[in-house]
Amino acid sequence: MALRGSLRLEMFLRRCTASSVFHSHAQNRKSSQISVKGDNPNSHDYSGQDQQNDGQKESGWRRLVRFFVPFSLGAVVSAMVIKREDLTPAIAASKMSGRRREFNFIADVVAGCADSVVYIEIKDTRHFDYFSGQPITASNGSGFIIEQNGLILTNAHVVINKPHTMVQVRLSDGRTFPATIEDVDQTSDLATLRIQVNNLSVMRLGKSSTLRSGEWVVALGSPLALSNTVTAGVISSTQRASQELGLRNRDINYLQTDAAITFGNSGGPLVNLDGEAIGVNSMKVTAGISFAIPIDYVKVFLERAAERRKKGSAYKTGYPVKRYMGITMLTLTPDILFELKSRSQNMPSNLTHGVLVWKVIVGSPAHSGGLQPGDIVTHINKKEIKNSSDVYDALADNSKDLDIVILRGVKQMHVTITPEDP
């Protein structure tokens, strides 16, 4: 920029100098013509000489002004350009400094609550790793600590309906502890675990009733077994009724968010910018559409569990067990079907019902039978499947094998699964 300014200044001075020289030559020619005029060439016209002298003085003064004025202006402009270029980097640097500390609000939230998030592994006690001799991981999920004495909150589907398994919890500092299931509510899909350790970092519980659509939230958990993972987004809806999701027998208004929630995030906290848990990550439909259980509903579950413990009738044995297939599923309601068809070209246009399989546990009967995440179950044993309750009804039947019709993309397929008895 300084070079360009100097070149323009040089061109400007050249033009001004040329104009001054041309004007000076014109004045000299005019003076010469005046001096040769007259009837007597030998006579001296003193008045003409005086005028000539005055003209020369005026011409010299004008030349002086024409020379110094452009030069002075050019010097001022050049100084301003140089001064501006010298100051610009300093101004920009002063404006940029401190932005990381001022605007990284997501990092501030994570720093305040990440220590209370745990990684949950479900170990299959019948299968062992060849090299380590340890039970292999059948599935995994997330949870967060709500009491210093080792009480952990998670989803029920993370820890139940998996026969011949044990639950193991890994803290953020790497320590690993076996866990016992204390309370389970399959209707709300909530459960609590207990590990034998004290003085743990605790997640503060907020209020989901005060949430607004568009509010920033942070999802913490262990998606795809990658522990201590953070994603951020906004609240898309605060009142997504369970009936809209095809979940019968659940009177819950779910929180909908576009924060990325995937396999393994289930049970982890959905946190507001104050570092308070305002929901429990529960399920994902597709990219940009995920749901969490409101923390106000969770508080009711925790109060009932605390009352049972005080009375000495805590949930010891048991939750009702069913035959085990090893999938996590979501009912395809008309609204969800419309959203999936608008986002994907591989959805059949004539699909009107079904259940989406969005997670298959490795080593489970569903995995052995050939089911994959993303498959859509439309029929089981020649009966239409319209919601997840129909799948549970099929598992409750006495039939040994399940003949399942699925859609994988636009292709229809048949798979046969043999559920495990409890």
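From the set of residues in the stretch 141-185 that are of a type in the set (S, T, N, Q) and under 20 Å from Gly264 (Cβ atoms), which is nearest to the chain's Cα centre (by Cα)? Residue satisfying both the conditions and the ranking: Ser142. Here Lys310 clears all of (1) open to solvent by 70 Å² or more (accessible area, probe 1.4 Å); (2) modelled with pLDDT of 90 or more except the condition numbered (2). Beta carbons closer than 9 Å, at least 6 apart along the sequence or on distinct chains, pair a first residue in the stretch 179-192 that is within 21 Å of Met283 (Cβ to Cβ) and at pLDDT below 85 with a second that is surrounded by fewer than 23 Cβ atoms within 10 Å (Cβ to Cβ) and polar (S, T, N, Q) for Gln186/Asn161; Thr187/Asn249. Listed by first and then second residue, the pairs with beta-carbon distance under 9 Å, at least 6 apart or on different chains, first residue in the stretch 158-172 and among the hydroxyl-bearing types (Ser, Thr, Tyr), second assigned to a loop (DSSP other than H, G, I, E, B) and open to solvent by less than 50 Å² (accessible area, probe 1.4 Å), are Ser172/Ser227. If you go through the stretch 371-415 and pick out every residue that is open to solvent by less than 80 Å² (accessible area, probe 1.4 Å) and polar (S, T, N, Q), you end up with 6.
Note on the stretch 186-201: residues that are open to solvent by less than 60 Å² (accessible area, probe 1.4 Å), under 22 Å from Ala292 (Cα atoms) and outside any strand (DSSP E or B) amount to 3.
Scanning the stretch 162-177 for residues that are open to solvent by 50 Å² or more (accessible area, probe 1.4 Å) and modelled with pLDDT under 90 yields His164, Met166, Asp173. Scanning the stretch 202-214 for residues that are out of contact with any helix residue (DSSP H, G or I) (no Cβ under 7 Å at 6 or more places or on another chain) and either within 26 Å of Val360 (Cα to Cα) or crowded, with 16+ Cβ neighbours inside 10 Å (or both) gives a single hit, Leu211. Summed over the stretch 289-300, residues that are open to solvent by 10 Å² or more (accessible area, probe 1.4 Å) and either in contact (Cβ under 8 Å) with a residue 12 or more places away in the chain or in contact with a strand residue (DSSP E or B) (Cβ under 8 Å, 6 or more places away or on another chain) (or both) total 5.
Listed here are the strands (runs of 3 or more DSSP E) enclosed by the stretch 104-185 that have at least 2 residues being under 18 Å from Thr262 (Cα atoms): 117-128, 135-147, 151-155.
The values are calculated or read from the model by the stated rules, or taken from the named source; none is laboratory data. Worth saying up front: this structure is predicted, and the values here are computed from it rather than measured. Every residue, glycine as well, gets a Cβ built from its backbone with ideal geometry; the counts of neighbours run over all protein chains shown. Each accessible area value is taken on the protein alone, full model and side chains, heavy atoms only, with ligands, DNA and RNA left out. Shrake-Rupley method; radii C 1.70, N 1.55, O 1.52, S 1.80 Å.
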